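The values are calculated or read from the model by the stated rules, or taken from the named source; none is laboratory data. A quick note: this is a predicted structure, and the numbers were derived from the prediction, not measured. Glycine gets a Cβ as well: all are built from the backbone with ideal geometry, and neighbour counts include every protein chain shown. With ligands, DNA and RNA removed, areas are computed over all heavy atoms of the protein, side chains included. Shrake-Rupley method; radii C 1.70, N 1.55, O 1.52, S 1.80 Å.
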Amino acid sequence: MDNFCEQLVVKKETSGDKARRIGTIISGSLFTLCLVLIAMMQLGTPLLALLGLLLAVGAGYGTYFLVTTSYVEYEYTFTNGELDVDKIIAKKKRSSLLSVEVRSFTDFGKYSDDLEESEDMTVVFATDNVVTKEYYADFDHKEYGKTRLVFVPDERMMDNIRKFLPVKLKQKLSAE
């Protein structure tokens, strides 16, 4: 029987994220408006007016693009011992962050900021920004080398992960 589980995690906005989005909207709107005004002042020269309007459209689209790409979700897919983590931007663009066999985990447990990280370690954060529910998994990855994944598995995902963990990590997890 296959072990399959999916989980979607929506990244919660911090106050810094909200401030950045508002700042982007305000500055992008002002820049677009300035370009429109400059284009309107160049009505005597139609080519410059057209160029100004095209630049204004580009600035407006750029502002829209920057604002929408700040909406991030992560999808965890667990299939028969393999964990895949994807990043979804603005519910449109999906990119694969990593795939790993749970059996290859060298360490696993609750995440805290005081965990040691080596300088050559790649840390992949795929969380919802709620610190109390975060777990970490350390492993060697073919692309990234020593890697630490910080993620937020729900109970169903944790049950599937536990089944495939190495014995010493199962014991460590049950002791926590």
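Points to keep in mind about this one:
- Yes/no for LYS142 being open to solvent by 90 Å² or more (accessible area, probe 1.4 Å), of a type outside the set (S, T, N, Q) and over 21 Å from GLU6 (Cβ atoms): yes
- Where a residue in the range 35-51 is within 20 Å of GLY62 (Cβ to Cβ) and its partner, wherever it lies, is modelled with pLDDT of 90 or more and of a type in the set (Gly, Ala, Ser), with Cβ under 8 Å and at least six apart: LEU35/ALA56; LEU35/ALA59; VAL36/ALA56; ALA39/ALA56
- Hits in the range 83-96 (condition: among the charged types (D, E, K, R), outside any loop (DSSP other than H, G, I, E, B) and under 13 Å from the mean Cα position of the chain (by Cα)): ASP86, LYS87, LYS93, ARG94
- For ASP128, the conditions (1) assigned to a loop (DSSP other than H, G, I, E, B); (2) farther than 21 Å from THR79 by Cβ; (3) open to solvent by 30 Å² or more (accessible area, probe 1.4 Å) are fulfilled apart from (3).
- For the range 97-125, filtered to residues that are of a type in the set (Phe, Trp, Tyr) and assigned to a loop (DSSP other than H, G, I, E, B), the residue that is least open to solvent (accessible area, probe 1.4 Å) is PHE105.
- Positions within the range 145-176 being of a type in the set (D, E, K, R) and either at pLDDT 90 or above or exposed (fewer than 13 other Cβ atoms within 10 Å of the Cβ) (or both), in sequence order: LYS146, ARG148, ASP154, GLU155, ARG156, ASP159, ARG162, LYS163, LYS168, GLU176
- Qualifying residue in the range 39-52 (condition: among the aliphatic types (A, V, I, L, M), part of a loop (DSSP other than H, G, I, E, B) and surrounded by fewer than 13 Cβ atoms within 10 Å (Cβ to Cβ)): yes
- Within the range 1-38, considering residues that are among the hydroxyl-bearing types (Ser, Thr, Tyr) and assigned to a helix (DSSP H, G or I), the one farthest from ASP86 (Cα to Cα): THR32
- Any hit, the range 58-69, residues being on the phi < 0 side of the Ramachandran plot, open to solvent by less than 40 Å² (accessible area, probe 1.4 Å) and in contact with a Lys or Arg (Cβ under 7 Å, 6 or more places away or on another chain): yes
- Matching residues in the range 71-82 - criterion: being open to solvent by 30 Å² or more (accessible area, probe 1.4 Å) and assigned to a loop (DSSP other than H, G, I, E, B): TYR71, ASN80
- Yes/no for VAL102 being within 22 Å of LYS170 (Cα to Cα), touching a strand residue (DSSP E or B) at 6+ places or on another chain (Cβ under 9 Å) and of a type in the set (A, V, I, L, M, F, W, C): yes
- Matching residues in the range 131-165 - criterion: being touching a residue at least 12 places away in the same chain (Cβ under 8 Å) and in a loop (DSSP other than H, G, I, E, B): GLU134, GLU143, TYR144, VAL152, PRO153, ASP154, LEU165
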